[in-house]
Structure formats: structure tokens, C-alpha cells
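Taken together, the values in this text are just the output of simple stated rules run on the coordinates, not laboratory data. This one's a predicted model, so the numbers in the text were calculated from it and none came from an experiment. In this analysis, Cβ positions are derived from the backbone assuming ideal geometry, glycine residues included, and neighbour counts consider all displayed protein chains.
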Amino acid sequence: MAPAAPFNPPSADLPGKPSVPKWVPPPATQEKHNFAQLKSIDLSLLDSDDPAVVEELIQQVKIAIRDDGFLFLENYGVSLEQLHRQFSLAQYLYHNITDEDKERLLFSPETGAWSGYKHPYGFKRHRAQPDGIEQFNWYKPDWEDQENRVPKCLLPFMDEIETFCNYLTKSVNRRLLTLFSRVLELPDDYLWNSVQSHGSPTGEGYFRHALFRPVQQQTQEASKGLRMHGHTDFGLTTLLFSVPISCLQIWGQDEQWYYVPYKPGALVINIGDTLEIVSGGHFRATRHRVYKPPQDQLSYERLSLVLFNSSLGDLRMMPAAESPLIQREGCVEEQGVYKEFKKLTSQGNVVPTNRQWREIQIATCTDPTDTVRNRVGADQVLIDGKVMHQREYMGVKVVLPV
Ligand SMILES: [Fe+2]
């Protein structure tokens, strides 16, 4: 394969661009316990002329996504300096966004989209308990009407942010989907052409600048240290940049939470529900949560950049029957969401479309600080003596570790 072109963003020094202070990565934790061992994939190997190298790469991916549901991605075409510029822009946003813009661009999650500014008071438009999490999310309409839908302080830099998202979606994610298509023994562009949504720098998905500030005692007590509930992402793939403040945790095979270690410049790839279902359970949707960091990082702010790749909204999720892997080996029946969807279809019911699946989860999202919902008898159940978080969306039961 011809080598993929590296990221080549517009200059940071164009006339009219304010100077942006450099983001200085906070120190990584000294804590060594409870960290996951993640497999790392070198994406540049996909360009190798040696078929044996490419085949070895695909086998590595196959094992990582079936066993763990997550992996590190390296050498994907964005340098550390280019990446830090994007973090500097995110930091600039939170230092410069005006109260007027926070109000004007306030999100409305009840519509099924996170589009706009999230205040640090929970995941509803009305203010609940403080959660210390601010976000800005770009969806298709936000790219199309930047003057009215993007914070004024970021307008001079939208050329860089948009180019970055286009590169992540159309180069990095496309190559990743090529790898995944090959694992399913399908044509290289199968997932890109038939499942991934298109039509904007983020398709029907979204890009996020997130800032997690340290929380007050009261918030910490209400949420028991949880910053975001354990969940799987509803989309296709999620591209998270590895950050020094360790808050992201993944659910291990041994049913324990582990922090994701910091690997400078690497991407953490989450498999979403759609991919679990399309692959007939051969890929496992990543179960993850956001938790307070180790003791030595409790006083630091955590800046995070994430791209959520979304599948086509009108698709009803089902296994790709044309996959030779699925034809030969059948589906992997024990995977969570896949199993629930299978149950629904076998009862003769219609499964949700990708858009319905995405929107219902956003519209009904609950907060870790919600002490009324987060207890056994409400959103929690006891299964084999373990407390689990249980929700039901459109007839699909979702049970996740707390
Ligand atoms: Fe997530």
C-alpha cells in the first residue's frame, strides 16, 4: 500500500491568529498499581510492502479487539508537537470562552446530541450537582455554521481544528477500519463505505474538547470518586488521545477496573457497540469509565481530546453476513450488546437504528453524582452479589459494572 500522507495542518502563525500559550503536560503519576497492559498497534505497518508484516499486524489486532476490546495506536501520522498544539487550543478555549458564549452555546442533550458547550453541573441542560467537567462538542451542524455555533475565541483556529478532525476521520480512522475489515476478511473499504457515516469532518459523530477539574469534597462523596459511569461507546470507534492524568479505566477480563497507562502521543482506541454487532461479537465493545486519578494527581486538571466516530444513522445494527470469518466461525455469542440485539431479533422484534441507539443514550444519560438513581432498586441491581448498573434502552437491556 502507498504510505499514508502525514498530518499537514495550516500554520499556527497565519496573520490574525492570536498567540496561544503552549500546553504543558502535567506530570505522569508515580503510581504503578492497577494499570492495564494494553497491546500497541503500529499503524504505519499497514503500509509495509512485506505481506508477512501486514498479516502479523492483522493477527495482533484480531487478538487485541477480541480479548480486550481496546488497544493503543501509534505511528498514525500526527507528531507529538502537532498533537500538543491541539491540546494548547483546547486549553485556550477553557481560558478564554466567555460567559456569554457558555450561555449562547449551552448544550441540549435531551435532543440526543451533545452539540455545544457542557457546563460543569452534570449531563443535563439544567444545572444539577457540580461535576467539574466542561466540554465542547462539534457535530456536523457546528462545522457548517461556525460563526453561530463555535465559541468566538476559537474562530481564528478553526482551520487547524477542522483539518485535524478531517485527518483523524478520513485518514486515521479509515486506516483503522481497513485493519478491522481485514480481520473480518472483508474488502478493505467495507466498514468505511458501508458502516462509517460521512458528510462532515466528523461524519454523524463528534469531536470533543473536555476539561476535568478537581472536584470538591461534596461531589467526591456523592459520586464515590466516579467522574463518568461505566459504559460502552454507542458508535463505531472512539479515538482518545492518551493523557498524563490517569482517569480512564477499563474493565479487565478478571472483572476489575484498571487505569489506562499514559503513552505520550498514542491514541487509545475503543470499540463501540456498532462494531461489536457488525462483527457478530468478534470484536468486544470496550467497557470503560472515568474515575478519580491516583493520589498524586488529584489536584491536577485533566484535558482530553476525543473523536467519536459514528456509524450511519439509518442502519439497523446486525452482523455483516458476508464476512468469511463470521460464515466460517459463526458469531461470538457471549458479547454483551451483541447478545442483547440477537435476543431482540430472535423474538421477532426490530432493533434500534444507530441513530436511535445513540440519541436515546445521550438524552437519558445520568450523573455519577445522582444519589437517587445510583442505588440498588433504582439504576443498580445485585447480580451474583455484585452491584451492577442496569439500564434499558428501547427494549435492549444494558448491564455494566459500577
Ligand atoms: Fe466512552
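In the chain, if the dipole is taken from +1 on Lys/Arg beta carbons and -1 on Asp/Glu beta carbons about the Cα centre, which of Leu177, Gly330, Gly252 is farthest to the positive end?
It is Gly252, whose Cα lies furthest towards the positive end.
Do the sum for the chain: with -39,500 (n - 2.57) for every DSSP H run of n ≥ 4, divided by all residues, what is the mean residue ellipticity at 222 nm, to the nearest 500 deg cm²/dmol?
Result for the chain, helices only: -8000 deg cm²/dmol.
Over all directions, average the projected area of the Cα convex hull of the range 137-213 and note it in nm².
6.2
Ignoring GluC sites (Glu not before Pro) that are buried or in helix or strand per DSSP, and keeping those with at most 12 other beta carbon atoms within 10 Å, what is the longest stretch of the chain between them?
Value returned for the longest uninterrupted segment is 1-254.
If amide H atoms are built 1.01 Å from N in the plane of the peptide, which residues on other chains or at least 5 residues away come under 5 Å of the amide H of Arg227?
For Arg227, whose amide H was placed from the backbone, the distant partners under 5 Å are Val290, Tyr291, Lys292.
Roughly how big is the chain's charge dipole about its Cα centre, with Cβ charges of +1 (Lys, Arg) and -1 (Asp, Glu), in debye to the nearest 20?
980
Could the peptides 39-46, 230-237, 163-170 be put in order, highest first, of the mean number of other beta-carbon atoms found within 10 Å of their residues?
230-237, 163-170, 39-46
Could you state the principal axis extents of the C-alpha atoms in the range 41-99, from the largest down, to the nearest angstrom?
Here the spans come out as 54, 27, 12 Å, largest first.
Applying the Karplus parametrisation 6.51 cos²θ - 1.76 cosθ + 1.60 with θ = phi - 60° to the phi angles of the range 121-128, what ³J(HN,Hα) value in whole Hz is obtained for each residue in order, glycine and proline being reported as x?
3J(HN,Hα) across the range 121-128, in whole Hz: 9, x, 9, 10, 5, 6, 7, 10.
Students often forget the sequence filter, so: which aspartates and glutamates lie under 19 Å Cα-Cα from Lys39 once same-chain residues fewer than 8 apart are removed?
Within the straight-line limit of under 19 Å, Lys39 reaches these aspartates and glutamates: Glu55, Glu56, Asp67, Asp68, Glu74, Asp254, Glu255, Glu276.
Which one, Thr364, Gly77, Gln60, is farthest towards the positive end of the dipole of the chain when Lys and Arg carry +1 and Asp and Glu -1 on their Cβ?
Most positive-ward Cα: Thr364.
Whole number please: convex hull volume per residue, Cα atoms of the range 125-168, in Å³.
112
Can you flag which of Lys22/Lys152; Lys140/Lys342; Lys17/Lys118; Lys102/Lys140 are past 24 Å Cα-Cα?
Where the Cα-Cα span goes over 24 Å, the pairs concerned are Lys140/Lys342; Lys17/Lys118.
Ratio of alpha-carbon Rg to the 2.2 N^0.38 Å globular estimate for the range 40-401, to two decimals, please.
Here the Cα radius of gyration is 0.96 times the empirical estimate.
From the phi angles alone, apply the Karplus equation (6.51, -1.76, 1.60; θ = phi - 60°) to the range 319-333 and give each ³J(HN,Hα) in whole Hz, x where the residue is Gly or Pro.
x, 6, 4, 7, 5, x, 4, 5, 4, 7, 9, x, 8, 9, 6
Using a Debye calculation, one point per C-alpha and no hydration shell, please list log10 I(q)/I(0) for the range 338-398 at q = 0.14 Å⁻¹ in order.
Debye intensities relative to I(0), on a log10 scale: -0.50.
Mean projection of the alpha-carbon convex hull of the range 3-52 over all orientations, in nm²?
Directional mean of the projected Cα hull area for the range 3-52 stands at 7.1 nm².
Which whole-Hz ³J(HN,Hα) couplings does the range 201-208 yield from phi under the Karplus relation 6.51 cos²θ - 1.76 cosθ + 1.60, θ = phi - 60°, glycine and proline marked x?
With coefficients 6.51, -1.76 and 1.60, one gets x, 10, x, 8, x, 7, 10, 10 Hz.
For the chain, give me the percentage of DSSP beta bridges that are antiparallel, rounded to the nearest 5 percent.
90
For Ile41, what residues show an amide H to amide H distance below 5 Å, using hydrogens built from the backbone and excluding near sequence neighbours?
Those lying under 5 Å, H to H, from Ile41 are Phe72, Leu73, Glu74.
How large is the convex hull of the Cα atoms of the range 300-402 per residue, expressed in Å³ as a whole number?
184
Lys/Arg Cβ at +1, Asp/Glu Cβ at -1, dipole of the range 40-401 taken about the Cα centre: which of Ala113, Val195, Val381 is farthest positive-ward?
Positive-end residue among those listed: Val381.
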